[in-house]
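Below is one structure, written out as structure tokens; comments come after it.
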Amino acid sequence: MNTVPEWAWEFHGHRCPFMPLGYRLAKRAMQELNVEHEKDHGLFVIPELGVGHPQTCLMDGMQIATGATYGKSLMEKTFWGKLAAVFYHPEKGAVRLALKADFLDEFGKLEFFSYRLKGVEPSQIPADVTNKAIAWTDAQPDDKIFKIEKLPNYQFKRVKGSFNKVKCVKCGEYVFERYVRMVNGQPHCIPDSGY
Ligand SMILES: [Zn+2]
Ligand SMILES: [Zn+2]
């Protein structure tokens with residue numbers, strides 16, 4: 001069982017069943033790919049989630065487990081609104097894990113969700129209700145929760161990194177070169193470019 005470390009809850013801000021589920025999903029993906037917690041820039045996580053729908057807390061768990069964080073530019077969403085993610089390492093391959101629909105149907109019947117549907121924030125839900133949801137999720141076996149597929153032909157193109165920066169003639173702030181916009185032959189940042 002992959003129990004999340006205490007600091008993960010602190011980082012996430014509230015207790016909920018999704019963050020640990022994302023953690024567990026990512027740990028399983030790492031096992032499939034045979035990769036360790038990412039120190040630098042090797043492992044990428046491509047969640048298929050979007051915005052404006054529940055369960056995005058999954059992605060905090062994925063970042064905590066993998067070290068493939070948003071801040072290291074190792075996490076990039078597809079905005080497909082699906083509860084799935086691809087884990088990709090150039091030397092180890094790619095694996096996609098999705099939450100099974102049947103699991104989600106059962107999961108959605110937990111009392112925790114009756115509060116969420118009423119718009120109650122997770123930190124305001126009674127602790128025993130939340131803990132029950134977490135414990136129930138923990139008790140479900142991997143093959144009930146996850147659909148797992150290896151993606152041998154997965155293509156992922158990374159933006160080529162550059163340390164070059166230019167000063168915007170209008171605001172005087174630095175802009176990294178791929179984001180510089182030329183207006184009348186002068187470098188501008190995007191907000192000052194009028195685009
Ligand atoms: Zn959460
Ligand atoms: Zn500017």
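The values are calculated or read from the model by the stated rules, or taken from the named source; none is laboratory data. Given the structure is predicted, the values throughout are model-derived calculations rather than measurements. As a convention, Cβ positions derive from the backbone with ideal geometry for all residues, glycine included, and neighbour counts pool all protein chains shown.
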Being free of Cβ contacts under 8 Å to residues at least 40 places away in the same chain and either surrounded by 13 or more Cβ atoms within 10 Å (Cβ to Cβ) or assigned by TED's automatic domain parsing to the domain that holds Arg116 (or both) narrows Gly52, Gly42 down to just Gly52
Report yes if Ser114 is of a type outside the set (Lys, Arg), farther than 19 Å from His12 by Cβ and free of Cβ contacts under 8 Å to residues at least 12 places away in the same chain, otherwise no.
-> yes
Tell me which residues, restricted to region 181-195, are within 10 Å of ligand 2 (Cβ to nearest atom) and either assigned to a loop (DSSP other than H, G, I, E, B) or surrounded by 15 or more Cβ atoms within 10 Å (Cβ to Cβ) (or both).
-> Arg181, Pro187, His188, Cys189, Asp192, Ser193
Test Arg178 against the stated conditions and say whether it is within 30 Å of Ile190 (Cβ to Cβ) and part of a helix (DSSP H, G or I).
-> yes
Can you find a residue in region 31-41 that is under 30 Å from Gly119 (Cβ atoms) and more than 16 Å from ligand 2 (Cβ to nearest atom)?
-> no
All but one of (1) over 20 Å from Glu149 (Cβ atoms); (2) surrounded by 13 or more Cβ atoms within 10 Å (Cβ to Cβ); (3) not aromatic (Phe, Trp, Tyr) hold for Arg96; which doesn't?
-> (1)
Residue that is out of contact with any Cys (no Cβ under 7 Å at 6 or more places or on another chain), basic (Lys, Arg), within 30 Å of Val183 (Cα to Cα) and away from ligand 1 (no atom under 16 Å from the Cβ), where the choices are Lys150, Lys118, Lys160 = Lys160
Would you confirm whether any residue within region 124-147 is on the phi < 0 side of the Ramachandran plot, part of a loop (DSSP other than H, G, I, E, B) and within 21 Å of the chain's Cα centre (by Cα)?
-> no
With the condition kept exactly as written, say whether any residue in region 14-26 is basic (Lys, Arg), out of contact with any Gly (no Cβ under 6 Å at 6 or more places or on another chain), near ligand 1 (Cβ under 10 Å from one of its atoms) and in contact (Cβ under 8 Å) with a residue 40 or more places away in the chain.
-> yes
